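Data first, discussion second: the structure below is written as structure tokens.
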Amino acid sequence: MARPVLLAALAAFATVASAPPPAARLADALDRYRAVAQAGGWTTVPDGPLVRPGEADAAQVPALRQRLRAEGVLGGAAATGDVLDADLAGALRRAQARLGLDDDGIIGPKTRAALNVAPARRARQIEQALAALDTLALPTSGRWVLVNVPEYRVRGFEAGREVLSMRAVVGADADGWRTPRFSDEIEYLVFRPYWNVPASIAIEELVPQGPDKLASSGFELVRRFAPEAEVHPMTAGNLQRLVAGHLLIRQAAGPQNALGLLKVMLPNAQNIYLHDTPAKSYFARDDRALSHGCVRLERPAAMGAWLLGPQGWDEPAVATAMAEGGYRQVDLERRVPVVVAYLAAWAGDDGAVWFAGDPYGLLE
């Protein structure tokens, strides 16, 4: 048995060793985008009506083909033709995803604007990402999570490869709401969590709604944040005790809960964590800087299954624990590092570059 185990270990090592680190992939991409810029740039897609898959446009569709070919992302789509056929629409969807757009395969104003950004500008974004990576201590082995705030995306890595990716909602561009940049470790998951409401949000946003609205939305008044805490009546008088600092407010577990049905905890001074959300429609937006600072996950059950997979959990088991039972904390047997970063670009394992916006105005 020793030899097969040794061979498997060597194969795993070779896989990790053959995976270029993020900075190396971005450096390769930088050379490509600079070359396109020095060669005169790429074809821009002209203004025109919406072009949906299966429709033809004599100006926009050929220009789109040339534009995607110049970036090396045309894939198996034909090099000529006026119809936005299935192969070309598929290539466009992949490009839209990398540009942070709704990947609907439709040529429209936002898609044209993103595609028409000059390659020199994209090269500059890659340079900024490389400079930011120089300041980060990204893990080089094991399992870890990257939250890229301006890209509104969360990725999971294992054995040097990206194995999980999903959209995210991050903090809004307002005082005290921006998602900060930091590194920490995921320690445990909470199924069917309470939302322990910070005092500022409680006083400014919840108390004005009145006791009846709060009670119908599952809010509870308590003296301390603990699952077994005694619940006090939701009355106008008790809300004033909340304002005075004598009571706290939380939202009970369930579908209405602002944290959804799963919370991924990385205890930190900023009180930032990853969580589910009942506001699923937000993930369809291009601009997803909408939260109070925490990171909302598009596919929380998938994240939970990946984090707890080494402990025997799969996605159906996670989904069941989210849907049934009460409050439950599950500790990770091995903590998972997480890096919350602000990167203008990211290169995938295949070398394709994902470009981010700048919701907080931090990029040049």
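All of the numbers you see were taken from the coordinates with simple rules; none came from a lab. As the structure is a computational prediction, the values presented were derived from the model and not from experiment. Don't worry about glycine lacking a Cβ; one is built from the backbone with ideal geometry, like all the others, and counts go over all protein chains shown.
Values computed for the structure shown
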item: Most fluctuating residue given options LEU64, LEU164, LEU50, as computed from a GNM of the chain linking Cα atoms under 10 Å; result: LEU50
item: Computed FRET value (nearest 0.05) for LEU362 with ARG285, which takes r as the C-beta separation and R₀ as 30 Å; result: 0.90
item: Angle in degrees between helix 86-98 and the longest Cα principal axis of the chain, rounded to the nearest 10; result: 50 degrees
item: Quotient of C-alpha Rg and 2.2 N^0.38 Å, computed over region 211-251; result: 1.03
item: Low-density loop positions, trypsin sites (Lys or Arg not before Pro), region 270-358 - DSSP coil, at most 14 other Cβ in 10 Å; result: ARG285
item: In degrees, nearest ten, helix 2-18 long axis to first principal axis of the chain (Cα); result: 70 degrees
item: ³J(HN,Hα), Karplus 6.51/-1.76/1.60, whole Hz, each residue of region 241-251, x for Gly, Pro; result: 5, 4, 4, 6, x, 8, 9, 10, 10, 9, 10
item: Mean ellipticity per residue at 222 nm, deg cm²/dmol - from DSSP H runs of n ≥ 4 across the chain, formula -39500 (n - 2.57); result: -9500 deg cm²/dmol
item: P(r) tail fraction, the chain - alpha-carbon pairs more than 37 Å apart, %; result: 31 percent
item: Extension gain, GLN209 back to GLN270 (0.36 nm per residue minus Cα-Cα distance, nm); result: 19.3 nm
item: Percentage relative contact order, the chain, counting C-alpha pairs under 8 Å, at least six apart; result: 22 percent
item: Acute angle (nearest 10 degrees) that the helix 119-133 long axis makes with the longest principal axis of the chain, alpha-carbon atoms; result: 50 degrees
item: Label-reachable residues, region 24-50, where backbone N falls under 19 Å from a point 7 Å from ARG69's Cα toward its Cβ; result: 33, 35-46
item: Contour excess over end-to-end distance, with Cα ends at GLU324 and ALA131 and 0.36 nm allotted per residue; result: 64.9 nm
item: Cα centroid separation - region 77-95 against region 155-189, whole Å; result: 32 Å
item: Magnitude of the charge dipole, the chain, Cβ model with Lys/Arg +1 and Asp/Glu -1, debye to 20; result: 260 debye
item: Burial ranking of peptide ranges 241-254, 207-220 (average Cβ count within 10 Å, highest at the top); result: 241-254, 207-220
item: Among ALA132, ALA95, ALA168: highest mean-square fluctuation, GNM of the chain, C-alpha pairs under 10 Å; result: ALA132
item: For region 171-236, size of Cβ-based charge dipole, Lys and Arg +1, Asp and Glu -1, in debye; result: 100 debye
item: Karplus-derived 3J(HN,Hα), 6.51/-1.76/1.60, for each residue of region 45-61, Hz, glycine and proline x; result: 8, x, 5, x, x, 4, 10, 9, x, x, 8, 10, 8, 5, 9, 6, 5
item: Two-site FRET efficiency, ALA97 against GLN311, from Cβ-Cβ distance with R₀ of 41 Å, rounded to 0.05; result: 0.85
item: Cross-link reach list, lysines versus LYS213, counting only Cα pairs under 29 Å and skipping chain neighbours closer than eight places; result: LYS263, LYS280
